[in-house]
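One structure is given here, and the rest of the page talks about it.
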């Protein structure tokens, strides 16, 4: 029966559809409008046909594996998620021998789209523990731990004991001690007070046999700062605790319950001297300590994590922007013409503005992520092969590491924040159905947001990057060369640059606009720094005083970075049949970014107040252009329904059918009385009032 | 043993403290600095001593009730939360008879600070179901359902079946039908297609016996639009389903698992004509339909929810800003001077900027919430007592309702968004510990954010408010009188107003600044509207085209509203000993708001580019002022540890002790082997490779 409410009925090709039956037809209609080959867009996104083939193969391997089936995850309690994660790691382990490094990373990233918990539970071992051994251990040490089973996770599971209850971001302030005892050629690892309990340690509660423990090296009463020590936590064969080890489960978290994060206390735990990772700092059997030229090289393992998180921001964002945009193409709500079908929500200009700039942002993140990955690969190749005695090579490696640290810090911060925002905005754009557990937003948000905190708190990263930008500018004023990423600080022409009638659709003009505001913010902050230090503040005090400015500099510089990376990649590799559609997307991203921060452009004088209306009109214009091809932009991500894992985002657009089926599959309708009917509900509904028969007192 | 890491050790009054032992001492030190009487600040916040006494009594009643104990909630799976919620409703029911309306609302709001699930599970009955009966039923109907047990929730549990799978915000587009059958004087309630399944219905899955069902009234083939019908879902005595009722559990949600949301399908369910709520629209036994002058009066029940949500935004925000600020007062991380104790994070200017404007925002929300509640009480008093035949009185009520609708829409949107943002920013400001389940942020965020979607999606509310603001401006240009909230649109002087050397610390100047930008945005949008309609667009098309502008107008007008409400309340009721501290807070809120949206002030010419530095400096200045008294501002909320329910936010500041204890209480350390050691972990760790003995083929 067709509803009497005419606005909920649609006629297509002479056939009547209603609220329930129309959506797949509507999405097919959107696909028919796409003017570019999806395949070429996918290849652009992933850097060519070869990569796409590899990704598609890995995706198929993941989604066909029955152990990796995530369709019931949204209803799993913590205990079940934790057990399931181990079963999934076991299922994945069959691929380890044959995967190249690139395949292994991609497999893990793709898996992370739907199962961030399992991915990171394994990643703590492979990325953090093994990263520490590889990055900070000597070749002999690396080989030793591989022989022990570390590389294959056989009779061995590593974790990464850095953070303490009282110390997170400030690694140099950690309190756990490693005291060298020359008599026995051992270190004693100790937790000096409860505040120094290792905390958040993924793998400690259930799985880990060993940990890479960050502790202060103490030799002959002297504190040499924080180094890394391999400490055994559990007996390998029985999984019982080693003497002096106390550990426990830190329990419920906001998300990522699949990971068995725990706490560890060390009470005078003895380990052989050889368990200190000695690629850089070394302690000899006579207690002689030699230190590396720059201690931060030991933290190199963390930068890899950051670079991966930029790409992860893309991998996760594409999933949720696809869900929200597909749903927007089929959901109808309200209408402007009585008696006519209601309007698809994608056709509301404000809905376009809520989602399409985020689609463009998702593309931009991929471009910047790929750039950073290349930079990272080059730098680690160098670090792997370096002879630590070669001062020149070491110096060069440190410069590269610093450059990578700066750009990856800002990108990590703003892409992880943006991904959190995309999940959240996309959820809101799906209305109530975004709040259902089965459409994935809630779980994904809860799982994701820790990325904004760990491996460098985003705010701390931004402040540190802002400091670096001001230092670069100060250096430049004193004649030092500028790194390539801040080359625009030398462009004197920017000071006078204004729009002055030029075309705001021209990428060259748009890039110049961003360079001008980035330059303006950094120069102004540098002027202020000079003024404050001349006024008597120490550089540290001046930098503290300029915190807001430092954050702003990092924000603007990073947005400029994303804008530039997007256009550069289009120029370098976009085929002709997708190029105009990519320019539309990049222009939308850039102009929307300008609109969001219009104060900057007015303040720096690149735009005049009257230009703002034009920016708004152009954002509207590009929203319409992008909306027209929206099914193509999202299909180009190439995510199957397994990776979408949200019935309102399925490829066929049959949203209500899939959603209703999912809800019923997970919650089969049986008894109208809840399990607690007799125990709790019935006694409440049928409670009787005490009567009002109160003892009367004789009050004479 | 004191750590060898000197920067983690602190000397106070000649005694040594370390990371673990110092925090309570540090928070006590902050309290000693407070210069105003906390009691007076609390009374200012809650509107006087009498209210504070009532709140404190209600809080004590809540926190002493063992059934309401929330300390284990963070570890409860959905099933247990749902049962617990019913037990808690039963415990609360003992108060219903004696509570005044004001006490009942406050009890529920206070309970909602820590248990939003139970609060809303009950609120669906008391607020939505009973609200519908009260607001849309006749006196006889109300009395009838009260006799049936509705008021006491005895042998009766109501729910509210408005939303459908395919229709949320657009109530007028709902598809469920109610067809009048004159022969039997009944309505037949029917779900015409699966898309019209009632969805999200809180209480339907487990508890409800009856529902207030929104359905299209069909009489003699004519569609009279959506009305409300009471439909019985379950047999009262057996809790079995009534004939024609199909319902199920919609299962896992992002949050609020304590609520048994469900779906309902009606298959030709017959109800007596008397079950249609007929305060306004009526159907006679001969099938004669009389309609009310304005249909929106039937949705009056929803506005109450909105007003409550403004206050809820305050109630919840105060909890999380307290946690984050107390933690910031005791957490040390990094330091600027080697050998000196690390810096308390509250002393970092950027940390101050992250949190203190949100503290000020929390105060501002309370001022606006109180204003709205008064307006709402007055309007509902009028609606309750009105004679529906009195056209004049009805007209006045509709005007009041519209004014309230407009202001409550913007406030609901921006306060619920702000509360979500406060929970999230405060979580991030607590670093990793913010991600622990036991500090409450994750659960609160997941529970909270649905407030941004239901009872009017925030974006839809803003667009509707923006339309109203432009319409007011258009009306004013045609000589119609302006409502008091938009009176500034008549102030011609605003066009020329600029800062021009006046003091940015003067509230009068700050209010003028906000009025100027609100006026500027609305006038400009109105100009554009006139231009578009002259150019041939219909008003609806023009409004669509101006979506971005409408949103901006709502945003700026609402911020102005909050700013004004804050200063007005200070002037009206702040005692002298707290007044300067409140002015600091209000100035921080206002100047930070200007800084965030500096583009507006530049564009409208109230500020010049050079003024922006001054705004930034003043924000820094007020951050320092407010930081100094921060323990006082947060203690003034008067939340006990029961309401904080987060060990890192406890009153005594002994953060690590409470947190470590909580984690161990909820996860007692026992077996180092997880429950799935034998089934899953051991087989993985000790798996054996298949050997490489491959069958050799004879390939000659």
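The values are calculated or read from the model by the stated rules, or taken from the named source; none is laboratory data. Worth saying up front: this structure is predicted, and the values here are computed from it rather than measured. Cβ sites come from the backbone with ideal geometry, for glycine too, and all protein chains shown count toward neighbours.
Which residues, counting only those in the stretch A:346-372, are within 10 Å of chain B (Cβ to nearest Cβ) and touching a residue at least 24 places away in the same chain (Cβ under 8 Å)? Residues satisfying the conditions are A:347, A:349, A:351, A:352, A:353, A:354.
Assess whether residue B:375 counts as being under 29 Å from the mean Cα position of the chain (by Cα), in contact (Cβ under 8 Å) with a residue 24 or more places away in the chain and within 14 Å of chain A (Cβ to nearest Cβ).
Numbers: under 29 Å from the mean Cα position of the chain (by Cα): yes; in contact (Cβ under 8 Å) with a residue 24 or more places away in the chain: yes; within 14 Å of chain A (Cβ to nearest Cβ): no.
In short, no.
Just one of the listed residues (B:563, B:578) is surrounded by 18 or more Cβ atoms within 10 Å (Cβ to Cβ), under 26 Å from the mean Cα position of the chain (by Cα), away from chain A (no Cβ under 14 Å) and at negative phi, and it is B:563. Screening B:494, B:463 for residues that are in a helix (DSSP H, G or I), in contact with a helix residue (DSSP H, G or I) (Cβ under 7 Å, 6 or more places away or on another chain) and over 30 Å from residue B:616 (Cβ atoms) leaves exactly one candidate, B:463. Of the residues making up the stretch B:168-196, those that are within 24 Å of residue B:123 (Cβ to Cβ) and more than 7 Å from chain A (Cβ to nearest Cβ) are B:171, B:174, B:176.
Would you confirm whether or not the stretch A:62-69 contains a residue that is at negative phi and surrounded by 19 or more Cβ atoms within 10 Å (Cβ to Cβ)? Yes, some residue in the stretch A:62-69 is at negative phi and surrounded by 19 or more Cβ atoms within 10 Å (Cβ to Cβ). In the stretch A:150-162, the residue that is nearest to the other protein chains (Cβ to nearest Cβ) out of those that are surrounded by fewer than 23 Cβ atoms within 10 Å (Cβ to Cβ) and touching a residue at least 12 places away in the same chain (Cβ under 8 Å) is A:155.
Taking the stretch A:409-430 as the range and being surrounded by fewer than 24 Cβ atoms within 10 Å (Cβ to Cβ) and farther than 16 Å from residue B:420 by Cβ as the test, only A:418 passes. Taken together, the criteria exclude residue B:400 from residues that are away from every other protein chain (no Cβ under 14 Å), in a loop (DSSP other than H, G, I, E, B), in contact with a helix residue (DSSP H, G or I) (Cβ under 8 Å, 6 or more places away or on another chain) and closer than 30 Å to residue B:137 by Cα. Scanning the stretch A:204-233 for residues that are more than 11 Å from chain B (Cβ to nearest Cβ) and either out of contact with any helix residue (DSSP H, G or I) (no Cβ under 8 Å at 6 or more places or on another chain) or not in a strand (DSSP E or B) (or both) yields a count of 4.
Do we find that residue B:187 is assigned by the TED database to the domain that holds residue B:285, assigned to a strand (DSSP E or B) and closer than 30 Å to residue B:78 by Cβ in this structure? No, not satisfied. Look at residue A:430 and say whether it is touching a residue at least 60 places away in the same chain (Cβ under 8 Å), more than 8 Å from chain B (Cβ to nearest Cβ), farther than 30 Å from residue A:550 by Cβ and in contact with a helix residue (DSSP H, G or I) (Cβ under 7 Å, 6 or more places away or on another chain). Here the answer is yes, as residue A:430 does meet what is asked. Filtered by the rule that a residue be facing chain B (nearest Cβ under 7 Å) and either buried (at least 24 other Cβ atoms within 10 Å of the Cβ) or over 14 Å from residue A:646 (Cβ atoms) (or both), the stretch A:435-453 gives A:435, A:436, A:438, A:441, A:442, A:446, A:450, A:452, A:453. Here residue A:672 meets the list (1) modelled with pLDDT of 95 or more; (2) at the interface with another protein chain (Cβ under 9 Å from one of its Cβ atoms); (3) assigned to a loop (DSSP other than H, G, I, E, B) almost entirely, failing just condition (1). Evaluated against (1) crowded, with 19+ Cβ neighbours inside 10 Å; (2) under 21 Å from the mean Cα position of the chain (by Cα), residue B:103 falls short on exactly one condition, (1). Residue under question is residue A:551, and the condition is that it be assigned by the TED database to the domain that holds residue A:439, surrounded by 22 or more Cβ atoms within 10 Å (Cβ to Cβ) and either farther than 27 Å from residue A:487 by Cα or modelled with pLDDT of 95 or more (or both); does it hold? Against the criterion (assigned by the TED database to the domain that holds residue A:439, surrounded by 22 or more Cβ atoms within 10 Å (Cβ to Cβ) and either farther than 27 Å from residue A:487 by Cα or modelled with pLDDT of 95 or more (or both)), residue A:551 does not qualify.
Inspect the stretch A:386-394 for any residue being part of a helix (DSSP H, G or I) and crowded, with 21+ Cβ neighbours inside 10 Å and give the result as yes or no.
No, the stretch A:386-394 contains no residue that is part of a helix (DSSP H, G or I) and crowded, with 21+ Cβ neighbours inside 10 Å.
If you check B:622, B:656, B:651 for being modelled with pLDDT of 95 or more, at the interface with another protein chain (Cβ under 9 Å from one of its Cβ atoms) and over 30 Å from residue A:614 (Cβ atoms), only one passes: B:656. Which ones in the stretch A:11-25 are more than 7 Å from chain B (Cβ to nearest Cβ), surrounded by fewer than 21 Cβ atoms within 10 Å (Cβ to Cβ) and touching a residue at least 12 places away in the same chain (Cβ under 8 Å)? Passing the criteria: A:12, A:16, A:24, A:25.
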